[in-house]
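Notes follow once the structure below has been shown.
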Amino acid sequence: MTNASRVLIVGGASDIGRATAKVYADRGWNVMLAGRNVAECERNADDIAVRAGRRPDVTGLDILQTDRFAAFVDGLPDLPDTVVCVVGLLGDQARDQSDPARAALTMRSNFEGPALLLDAFASRMASRGRGVIVGISSVAGDRGRSSNYIYGSSKAGFSAFLSGLRHRLVRQGVCVITVKPGFVRTKMTAHMTLPRRLTAEPEEVAKAIFLADQAKRPRSLYVRSVWRPIMTIIRILPESLFLRTRL
Amino acid sequence: MTADLAGWGRYPRHNSNLLAPHSVAALCAMQASLDNYVARGAGRAYGDAGIGLGSTIAMRALNRMRDFDPVNGLVTVEAGVSLEEVIDALLPRGWFVPAVPGTRFVTVGGMVAADVHGKNHHRTGGFGAHVASLKLLAPRGELLTCSRDENCALFDATIGGMGLTGAIVEVTLRLIRVETGWVRQRTVATRDLESTLAALAKAEAEATYSVAWIDISPGRRPVGRGVVLLGEHALAAELPEGQPVVPPRRARRLSIPVELPEGLLNRWSVGAFNTLYHCKAALRGEADLVRWDSYFFPLDAIGNWNRMYGQSGFLQHQCVVPWPAGPEVVAEILDRVAAAGCAPFLAVLKSLGAGAGDLSFPMPGLTLTIDLRVTPQVLCLLDELDRIVVAAGGRLYLAKDARQSPNTFRAGYPGLADFEALRREIGATGRLTSRLSERLAIQ
């Protein structure tokens with residue numbers, strides 16, 4: 001199937017990356033997984049090969065090595081139809097706020113790297129006149145809160161970047177979609193106790209990504225609609241009240 | 001993280017330090033610093049086999065399928081992959097797992113560790129017989145490939161070894177070809193134990209899959225009326241026109257949301273259920289086409305069915321008694337259970353062949369399974385049943401066990417001496433310890 005659509009999933013070792021790859025592979029897409037941990041990407045590729053009957057390609061990519069992005073994109077066998085970036089680093093608020101190097105790592109992993117990588121795809125897709133870019137941001141970026149504002153602010157930056165990119169590309173045939181999953185049961189949150197109704201499985205996030213891609217409507221969405229009222233309230237709360245909360 | 005762990009029977013409960021590695025590398029790093037640990041799969045062993053004395057390694061995140069060879073029907077999966085996942089992936093391509101237990105929610109690693117058996121054990125052996133090779137993280141930290149040609153003593157000990165030789169990391173399994181995802185089922189209703197046993201013997205000679213369900217509602221005479229279920233994988237030519245070769249996935253409709261009140265399963269409710277079931281089977285008789293999941297895993301249709309027994313949990317007593325004493329001993333056990341007035345929900349009878357590993361449960365004989373709610377009287381009754389089983393040269397299934405004594409266990413498992421010698425050799429003694437191995441004094 002040489003004319004199947006192609007998707008590149010950046011963060012291919014992650015649980016959301018794995019689930020997303022499975023959904024696209026099941027629908028007959030050619031999938032490429034990119035990630036820093038190539039062995040883990042290969043492990044996921046094996047899994048999808050057995051389950052879906054088609055094996056994703058794997059390529060190494062470090063989201064912090066921003067100077068290599070242009071060469072990476074130009075080195076791909078084809079410019080993909082869709083790029084999904086699920087890269088993220090939760091960090092540790094308490095540690096990060098007293099360790100600037102750690103804080104910088106969290107910020108660069110969630111904002112600088114993903115934004116610059118997607119930017120490299122944006123111009124190439126724009127000149128082709130077609131393409132879908134999906135960025136996984138976070139509800140944590142909707143308002144900075146004491147419990148996770150280093151992660152949250154980097155996701156806020158990424159959300160704003162995606163919003164701007166969407167605005168820029170909307171008339172050039174490229175659709176930019178922001179997906180905010182809320183809590184997801186993954187390796188990243190394995191140490192946390194999560195509220196059940198607010199917590200999505202990686203497969204649920206993957207389906208939301210695929211459906212949004214198919215719909216080709218440039219927008220920002222929450223995977224579980226319950227997050228919309230919650231985050232609306234958190235966003236519009238007057239600062240004087242907000243400062244009295246412990247969020 | 002300390003967790004309160006129990007098996008599927010929800011009895012007993014123990015605290016254990018629960019760890020959940022996401023890769024083999026993480027597992028290896030973790031294992032080096034642990035003592036008194038055991039790996040845990042889906043937590044479907046009924047008793048305390050999947051609870052580490054100190055630490056428990058949750059294997060579910062090692063859930064990648066690694067390779068499939070469609071020429072030879074060999075699939076390689078990480079140990080945390082579930083049976084359901086294997087069937088979902090490969091049944092549409094015409095493959096099935098040659099030995100399956102009563103639930104599809106077990107892990108492949110767990111199936112190896114318990115050497116699980118299915119309704120075809122008398123013909124094709126247990127799960128272990130179909131394992132081509134496995135990767136084991138041995139107690140000293142080496143990742144060893146084990147098969148019938150390589151590290152074969154360790155392979156034999158690991159099959160049915162209840163995780164006490166190391167953490168099973170990866171399994172290569174031989175599958176069988178099937179044409180459809182349907183089973184041709186025949187049911188034979190019987191009126192007493194003698195006719196049930198005769199129908200079962202006949203079924204075992206004829207059919208690939210066979211099992212007998214027995215009504216042991218208190219007060220029912222004669223004891224042992226039942227239903228014998230026979231099954232064959234349906235051929236494509238046997239399906240009515242337009243029927244899909246593999247039945248479409250079905251969402252689970254029913255789940256038990258909370259623990260039900262203790263008294264709900266009583267002699268009257270269980271008796272009524274059993275009578276209904278028997279009448280339905282007696283009416284049906286003729287061959288039926290049944291979905292693979294309904295045929296092999298009927299209880300999976302009810303989510304969390306273990307909550308039916310209430311807060312105190314339940315025990316499943318599964319023994320095997322060698323020929324020729326089997327039928328007589330089964331009759332005696334059924335009499336004792338009936339006399340005690342307990343209300344068992346489920347009594348299942350079938351015959352087994354030989355097991356594959358040192359501590360495998362199956363041996364040529366008859367196996368009887370009874371579920372009972374945990375009460376002091378039931379614990380006494382089961383001790384009594386154990387004495388009958390031991391006297392007849394039989395034994396209990398470790399994957400179901402939560403309470404047998406070390407003496408009952410030792411009497412039933414002559415392979416134990418070799419197993420313990422191997423444990424000493426590989427450094428497992430005192431290092432790999434589950435609540436089960438501690439209770440049964442396995443060295």
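A few notes on this one:
- Taking helices (runs of 4 or more DSSP H) as the structural unit, those lying wholly within segment A:154-247 and holding at least 3 residues that are touching a residue at least 12 places away in the same chain (Cβ under 8 Å) correspond to A:202-215, A:227-236.
- Filter pass, A:G131 being modelled with pLDDT of 95 or more and at positive phi: yes
- A single entry from B:V100, B:V71, B:V38 fulfils the requirement of being assigned to a strand (DSSP E or B) and either closer than 25 Å to A:I16 by Cα or more than 14 Å from every other protein chain (Cβ to nearest Cβ) (or both): B:V38.
- Scoring B:V246 on the criteria (1) at pLDDT 90 or above; (2) out of contact with any Pro (no Cβ under 8 Å at 6 or more places or on another chain); (3) not in a helix (DSSP H, G or I) leaves a single failure, condition (2).
- Test: residue in segment A:5-26 that is more than 14 Å from every other protein chain (Cβ to nearest Cβ), more than 24 Å from B:A79 (Cβ to Cβ) and at pLDDT below 95: no
- Being within 14 Å of chain B (Cβ to nearest Cβ) and either at pLDDT 95 or above or out of contact with any helix residue (DSSP H, G or I) (no Cβ under 6 Å at 6 or more places or on another chain) (or both) is a condition met by at least one residue of segment A:169-185.
- Counted residues, segment B:203-224 - those being among the charged types (D, E, K, R) and within 24 Å of the chain's Cα centre (by Cα): 3
- All positions within segment B:74-94 that are more than 10 Å from chain A (Cβ to nearest Cβ) and either open to solvent by less than 20 Å² (accessible area, probe 1.4 Å) or of a type in the set (D, E) (or both): B:A79, B:G80, B:S82, B:L83, B:E84, B:I87, B:L91, B:G94
- Contact annotation: residue pairs with Cβ atoms under 9 Å, 6 or more positions apart or on different chains, pairing a residue in segment B:411-428 that is farther than 15 Å from B:G166 by Cα with a partner that is of a type in the set (D, E, K, R) and open to solvent by 40 Å² or more (accessible area, probe 1.4 Å), are B:Y413/B:D358; B:G415/B:D156; B:G415/B:D358; B:L416/B:D358; B:L416/B:R410; B:D418/B:D156; B:D418/B:D358.
- Qualifying position, being open to solvent by less than 20 Å² (accessible area, probe 1.4 Å), farther than 19 Å from A:F72 by Cβ and in contact (Cβ under 8 Å) with a residue 40 or more places away in the chain, among A:I133, A:I150: A:I150
- Close pairs from segment A:71-97: first open to solvent by 20 Å² or more (accessible area, probe 1.4 Å), partner part of a helix (DSSP H, G or I) and modelled with pLDDT under 95, Cβ under 8 Å, at least 6 apart: A:G88/A:M188; A:L90/A:M188; A:L90/A:T189
- Some residue of segment B:305-324 being open to solvent by less than 30 Å² (accessible area, probe 1.4 Å) and at pLDDT below 80: no
- Those residues of segment B:134-150 which are closer than 23 Å to B:R174 by Cα and open to solvent by 10 Å² or more (accessible area, probe 1.4 Å), in sequence order: B:K135, B:L143, B:L144, B:T145, B:S147, B:R148, B:D149, B:E150
- Subset of segment B:53-68 that is surrounded by 22 or more Cβ atoms within 10 Å (Cβ to Cβ) and part of a loop (DSSP other than H, G, I, E, B) - its residue that is farthest from the other protein chains (Cβ to nearest Cβ): B:M59
- The residues listed here are B:D4, B:D67; of these, the one that is out of contact with any Leu (no Cβ under 9 Å at 6 or more places or on another chain) and of a type in the set (D, E) is B:D4.
- Check on A:D47, in contact with a strand residue (DSSP E or B) (Cβ under 8 Å, 6 or more places away or on another chain), within 14 Å of another protein chain (Cβ to nearest Cβ) and modelled with pLDDT of 95 or more: yes
- Filtering segment A:186-233 to residues that are surrounded by 15 or more Cβ atoms within 10 Å (Cβ to Cβ) and touching a Cys at 6+ places or on another chain (Cβ under 6 Å) leaves only A:P218.
Every residue, every condition in (1) touching a Cys at 6+ places or on another chain (Cβ under 9 Å); (2) within 14 Å of another protein chain (Cβ to nearest Cβ); (3) more than 27 Å from A:V223 (Cα to Cα), yes or no:
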| position | (1), (2), (3) |
| --- | --- |
| A:G35 | yes, yes, no |
| A:G53 | no, yes, yes |
| A:G60 | yes, no, yes |
| A:A94 | no, no, yes |
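- Residues of segment B:18-39 satisfying the condition of being polar (S, T, N, Q) and either crowded, with 16+ Cβ neighbours inside 10 Å or touching a Pro at 6+ places or on another chain (Cβ under 6 Å) (or both): B:S23, B:Q31, B:N36
- Elements of type helices (runs of 4 or more DSSP H) in segment A:34-132, at least 2 residues being within 22 Å of A:G164 (Cβ to Cβ): A:69-75, A:100-107, A:113-128
- Of all the residues in segment B:329-377, those that are in a loop (DSSP other than H, G, I, E, B) and either aliphatic (A, V, I, L, M) or open to solvent by 10 Å² or more (accessible area, probe 1.4 Å) (or both) number 16.
The values are calculated or read from the model by the stated rules, or taken from the named source; none is laboratory data. Everything numeric here is computed off the predicted structure, so don't read it as measured data. Positions of Cβ are generated from backbone atoms using ideal geometry, with glycine treated the same way; all protein chains shown enter the neighbour counts. Heads up: the accessible areas ignore ligands, DNA and RNA and are worked out on the full protein's heavy atoms, side chains in. Shrake-Rupley method; radii C 1.70, N 1.55, O 1.52, S 1.80 Å.
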